[in-house]
Each structure stands twice: as C-alpha cells, then as structure tokens.
Amino acid sequence: MGETVVIQRIGECCGIMLPQEHLERVGWKEGDRVEIRSDTVHIEFVTTRAGKNGPPESSELIASVAMRNYYAALRALAKH
C-alpha cells in the first residue's frame with residue numbers, strides 16, 4: 001500500500017513533499033533533477049542522471065512500462 005501525501009501550493013505551482021524514506025530508497029537527495037512523465041492516470045518521476053551502474057537496462061524499462069500499464073490487473077492477480 002502506498003503512502004498518502006497532500007498536494008500543496010508553492011508560489012504559482014503546486015507540489016508534494018516526498019518523505020525522506022522514499023528519497024533514500026531511490027537514492028535521491030535535495031538538488032537532484034528529475035524528469036516528469038505523465039499520462040491521464042499516472043505521474044512518473046525519473047532521475048536525469050545515470051544510476052550508480054549506468055543507465056537502466058532495456059528490460060528494466062520494459063518492466064516499468066508494463067507495471068504502469070497493467071498495474072490494476074497485476075494487483076488483482078496478486079490477491080489470488
């Protein structure tokens with residue numbers, strides 16, 4: 001289950017506060033740049049710097065896209 005955060009006004013924009021444990025999990029810190037990708041249902045944040053072991057493998061990218069596109073179906077299957 002995910003963690004709920006509140007969208008807050010920051011000047012003329014809105015933002016969310018990311019809990020430190022989530023930042024540590026992905027290895028992000030204050031000042032890092034992230035790319036924002038979205039569709040009508042999801043928002044994805046991706047670091048713009050290469051990871052510790054270089055850029056992600058294509059199989060990792062394919063898995064990420066599959067999880068995003070089939071999240072509801074995979075979640076329902078996991079319950080059985």
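The values are calculated or read from the model by the stated rules, or taken from the named source; none is laboratory data. If you're wondering where the values come from, they're calculated on a predicted model, not measured in any experiment. Cβ coordinates were reconstructed from backbone atoms using ideal geometry, including for glycine residues, and neighbour counts include every protein chain displayed.
List every residue pair whose Cβ atoms sit under 6 Å apart, with the two residues 6 or more apart in sequence or on different chains, where the first one lies in the stretch 16-29 and is closer than 13 Å to THR4 by Cβ and the second, anywhere, is surrounded by fewer than 11 Cβ atoms within 10 Å (Cβ to Cβ) and modelled with pLDDT of 85 or more. Going by the 6 Å Cβ cut-off, the qualifying pairs are ILE16/ILE7. Report yes if some residue within the stretch 36-47 is at pLDDT below 85 and of a type in the set (Lys, Arg); otherwise report no. Within the stretch 36-47, none of the residues are at pLDDT below 85 and of a type in the set (Lys, Arg).
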